[in-house]
Amino acid sequence: MSTETINALQSYIRTTAAKSRETERIGPFLATYTTGNDHLFLNYAIPDNGGVPTAGDVVKLTEAFRARGLTPRLEFLTEAAPEAEAVLVEGGYTLERRIPLMVCPPGQVVAQPVPTGIVLKTPVTPAELRLMIRAQNIAFGEPDPGEHVEPSPEQLSGETISVMALTETGACVGGGVATAILDGASEIAGIGVLEEYRQRGIAAALTEHLTREAHARGGDSVFLTPGAGQAERVYGRVGFQTVAECVHLSVV
């Protein structure tokens with residue numbers, strides 16, 4: 001994939017990360033903070049495209065997160081800021097993980113069967129969205145929030161594409177989203193299925209549904225970053241191909 005496309009995807013990730021968070025510019029970094037939530041994946045910095053931080057920039061970034069009681073942390077595409085990682089490691093950051101960035105352009109989606117006994121549904125009402133979000137939280141090992149979850153404004157408006165998997169009795173066993181289309185890009189995220197319903201093809205069916213919908217809305221660059229285990233293989237079945245690498249770095 002071209003450097004131009006990688007930079008465009010990194011710019012999209014930076015823009016969407018900042019959309020609902022407090023932000024702070026620190027040298028070539030954009031730090032993003034989620035008010036009232038210290039979860040690692042909701043508080044991190046992203047370097048500018050081609051950004052080359054100084055040792056002083058790294059110190060200031062670390063201090064900014066520490067001052068808020070947060071773990072200093074970054075997520076970014078290595079190809080978009082190829083010189084940043086070495087400076088960060090020299091400044092005390094360690095590697096959490098490297099994960100592939102996978103893309104599925106229009107015309108590349110592979111049809112996936114919806115498993116017997118499962119129905120895919122677009123949640124529309126707040127109650128339906130709460131059911132989906134609760135199932136996602138449990139699937140990712142988070143504490144069961146019960147009914148104490150609130151959909152985002154983007155989910156309620158339909159700007160964020162959502163889909164949930166229901167059993168024949170109406171129980172929600174999984175779900176996922178595709179972020180709003182911006183400059184032709186959309187990210188598939190939060191694909192989660194309850195443990196007892198895994199290995200049936202539900203995740204693949206959810207991913208195909210979201211990808212096709214994102215394409216239909218004008219998403220030319222639909223991408224995702226798979227989690228651990230067999231996720232990369234599952235997304236590969238749907239038509240996603242690895243085109244870049246995302247690195248997660250933090251200071252313990």
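The values are calculated or read from the model by the stated rules, or taken from the named source; none is laboratory data. As the structure is a prediction and not an experimental result, all values here were calculated from the model. Using ideal geometry, Cβ is built from the backbone for each residue, glycine included, and neighbour counts are taken over all protein chains shown. In case anyone asks, the SASA skips ligands and DNA or RNA and just uses the protein heavy atoms, side chains included. Shrake-Rupley method; radii C 1.70, N 1.55, O 1.52, S 1.80 Å.
Taking (1) part of a loop (DSSP other than H, G, I, E, B); (2) modelled with pLDDT of 95 or more in turn, ALA205 satisfies each apart from (1). Looking only at region 108-129, decide whether some residue is in contact (Cβ under 8 Å) with a residue 12 or more places away in the chain, assigned to a helix (DSSP H, G or I) and open to solvent by less than 50 Å² (accessible area, probe 1.4 Å). Scanning region 108-129, I find at least one residue that is in contact (Cβ under 8 Å) with a residue 12 or more places away in the chain, assigned to a helix (DSSP H, G or I) and open to solvent by less than 50 Å² (accessible area, probe 1.4 Å), so the answer is yes. The condition of being open to solvent by less than 60 Å² (accessible area, probe 1.4 Å) and part of a strand (DSSP E or B) does not hold for GLU85. Considering only residues in region 22-37 that are under 17 Å from the mean Cα position of the chain (by Cα) and surrounded by fewer than 18 Cβ atoms within 10 Å (Cβ to Cβ), the one that is modelled with the lowest pLDDT turns out to be ASN37. Checked across region 69-82, the condition of being outside any helix (DSSP H, G or I), open to solvent by less than 70 Å² (accessible area, probe 1.4 Å), in contact (Cβ under 8 Å) with a residue 40 or more places away in the chain and touching a Gly at 6+ places or on another chain (Cβ under 8 Å) holds for at least one residue.
Considering ASP57, ASP48, the condition of being open to solvent by 10 Å² or more (accessible area, probe 1.4 Å), of a type in the set (Asp, Glu) and either over 30 Å from ASP220 (Cα atoms) or modelled with pLDDT under 95 (or both) is satisfied by ASP57 alone.
Of all residues in region 162-176, those satisfying the criterion of being loosely packed, with under 12 Cβ neighbours inside 10 Å and either free of Cβ contacts under 8 Å to residues at least 24 places away in the same chain or polar (S, T, N, Q) (or both) are THR169, GLY170. Restricting attention to region 191-217, which residues are over 12 Å from ALA178 (Cβ atoms), of a type outside the set (A, V, I, L, M) and more than 14 Å from the chain's Cα centre (by Cα)? Matches in region 191-217: GLU195, GLU196, TYR197, ARG198, GLN199, ARG200, GLY201.
Has region 58-66 got any residue that is assigned to a loop (DSSP other than H, G, I, E, B) and either touching a Leu at 6+ places or on another chain (Cβ under 6 Å) or among the charged types (D, E, K, R) (or both)?
The answer is no; no qualifying residue exists.
Can you spot a residue in region 217-234 that is in contact (Cβ under 8 Å) with a residue 24 or more places away in the chain, touching a helix residue (DSSP H, G or I) at 6+ places or on another chain (Cβ under 9 Å), surrounded by fewer than 19 Cβ atoms within 10 Å (Cβ to Cβ) and not aliphatic (A, V, I, L, M)? The answer is no; no qualifying residue exists. If you go through region 130-161 and keep only what is basic (Lys, Arg) and open to solvent by less than 30 Å² (accessible area, probe 1.4 Å), you end up with nothing.
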